[in-house]
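None of the figures in this text is laboratory data; all of them are computed from the coordinates on show. Predicted model, so just to flag it, every value in this text is computed and none were measured. Note that we place each Cβ from the backbone using ideal geometry, even for glycine, and neighbour counts take in every protein chain shown.
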C-alpha cells in the first residue's frame with residue numbers, strides 16, 4: 001500500500017517521462033490564438049496568456065478576462081529501420097489532450113487603474129494524468145513529443161505600466177519535485193514483512209519569467225522576455241533489511257520537466273486602417289545546458305553475513321568505473337516565428353509559421369533521443385459575440401486553430417554494425433488542434449437610439465416637433 005501511494009504521488013506530480021523536454025506552450029503555442037499565429041506572442045498577446053509569453057503585456061488587455069481552452073496533439077511520426085530484427089523496440093508518442101485555464105484582472109484604485117494587472121495560467125493534461133515513464137536511452141523515443149504535453153504547467157505574474165509607452169512584468173513558473181524513502185524489514189523465519197514505512201515530500205520548484213514591452217509608435221509594440229531554466233528532481237531510495245542476512249539499498253534519481261533558459265524578442269504592428277496585426281518572434285533556447293535525462297539507479301548490499309563472505313562489493317551495482325551517464329550533445333537554437341491576424345468586425349482570421357531547428361544531434365551511438373527540424377504551419381479564426389439571452393454583460397470570444405508540424409526525414413547512421421537498434425530514418429508530422437472560449441468584462445454592447453412607438457403615430461399623427469428653447473423664441477412672441 002505504501003509503495004502504491006508513492007507511485008501515485010510521483011505520477012500526479014510528474015505526469016511525464018524523464019525524457020520529456022521543453023514545454024507544450026513553447027512547442028505549439030498557448031491557446032488557439034497563439035497556435036494560429038505560430039506562437040509569435042511576445043509582443044502581441046492581449047489576454048491572460050501573456051503571463052507566460054511576456055508578463056509585461058498583461059497591461060495591454062483592455063479589460064478583465066478569463067477563459068479556458070482545449071488542445072490536442074496527434075503525432076504521426078515514423079521510424080524506418082535498416083534492420084528487420086532488432087533486440088530493442090521503439091516507443092511511439094501517443095495522442096495527448098490538455099485543458100488550459102487562465103484569468104487576467106487589472107487592479108483598481110487611485111494610481112493603479114489601467115496601470116497594473118495580474119494574470120494566472122494553468123495547463124492540465126487529460127489523457128494520462130497518472131502515468132509516467134523513464135525510458136532507457138537505448139530505446140528509440142521522440143524526445144520532444146513522447147509525452148511532452150502530458151504535464152501540469154502553471155504561471156502566475158504581474159505587469160505594470162509606469163508610463164504609457166513602457167510596461168514591465170514578472171511571473172513565476174511553478175513545478176514540483178518529489179523526494180521520499182521506502183523502508184522494509186523482511187523476517188525470513190516468520191516469512192513476513194515486519195516493518196513497512198513510506199515517507200515522501202512534494203516540494204515546489206519555481207523559476208522566474210521577466211519581460212519588458214515598449215511602444216515607441218502608435219500600434220507598434222516591441223517585447224523582450226526571459227524564462228529561466230527549470231526542472232524537477234525525483235529521489236526515491238528503497239531500503240530492504242533482511243533480518244540477520246543483508247541490507248539492500250536501491251537508490252533511484254532522475255530529472256524531469258526540464259526547460260532551458262529562453263530569451264524571446266518579439267514585435268508586432270497593429271495596422272488600424274486595415275484592421276491587421278503582424279507579429280514576429282525570435283526565440284533563443286539554450287539547449288546546450290540540458291542535463292542527463294536518464295535514470296541514475298544504484299544498488300548497495302551490506303550486512304554482517306554478506307560482508308563476512310566478502311561478497312558485499314560483488315553485489316553492488318554499478319561496479320566502480322561502470323557508471324553509466326548520457327552526454328546529450330544538444331546545441332542552442334534560434335526559433336523564428338511569424339503571425340498575422342486580420343479582423344473584420346466581430347470576426348478574425350489568423351495564420352502563422354515557425355521554424356524549430358532540432359537541438360539534438362544525429363543519434364550515431366548508443367542513445368536514441370530522436371528529434372528533427374520542424375516546420376510549423378498554422379491557421380485559425382475567432383468570433384466575438386454577446387450573449388443572446390442577455391445573462392452576460394460582456395462579450396464572449398470563441399477561437400479555433402489547427403497547426404501542422406512537419407518533420408522531414410532525418411538519417412541516423414550508427415557508427416558500429418552491431419548496434420542493437422541499427423541505423424534508421426525518422427520523420428513525419430504532428431497535428432495540433434485548439435479551441436478556446438473567453439469572457440471579457442467591461443465591454444458592453446452598443447445601445448440603440450430610442451425608437452418611436454408605432455401606436456403614438458397612429459393615435460396622434462406625426463410626432464410633435466421638439467419645442468425650441470425659450471431663448472430662441474422671437475422677442476415679440478415671448479408672452
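The spacing between the range 357-371 and the range 57-108, judged by their C-alpha centroids, is 22 Å. The peptide list 370-378, 112-120, put in order of mean Cβ contacts within 10 Å with the highest first, becomes 370-378, 112-120. Treating r as the C-beta distance of residue 252 and residue 386 and R0 as 56 Å, the FRET efficiency rounds to 0.50. When 183, 47, 201, 419 are arranged by Cβ crowding within 10 Å, least crowded first, meaning fewest neighbours, the order is 201, 183, 419, 47.
Dividing the mean sequence gap of close Cα pairs (under 8 Å, 6+ apart) by how many residues the range 189-265 holds gives a relative contact order of 28 percent. Summarising the label geometry, the points placed 7 Å from Cα in the beta-carbon direction at residue 88 and residue 164 lie 6.2 nm from one another. Under 18 Å from a label point set 7 Å out along the Cα-to-Cβ vector of residue 377, the amide N atoms of the range 53-97 belong to 74-77. What separates the Cα centres of the range 229-277 and the range 138-203 is a distance of 7 Å. Cβ crowding within 10 Å, taken as a proxy for footprinting-reagent exposure, orders 142, 271 from fewest neighbours to most as 271, 142.
Could you line up 379, 392 from fewest to most neighbouring Cβ atoms inside 10 Å? Least to most surrounded, the residues fall as 392, 379. Among rounded, prolate and oblate, which fits the range 264-357 when a ≥ b ≥ c are the square roots of the eigenvalues of its C-alpha gyration tensor, a/c under 1.5 means rounded, and a/b larger than b/c means prolate? Note, shape of the range 264-357 comes out prolate. One decimal place: the segment residue 431-residue 199 gains 79.4 nm when fully extended, by the rule 0.36 nm per residue minus the C-alpha distance.
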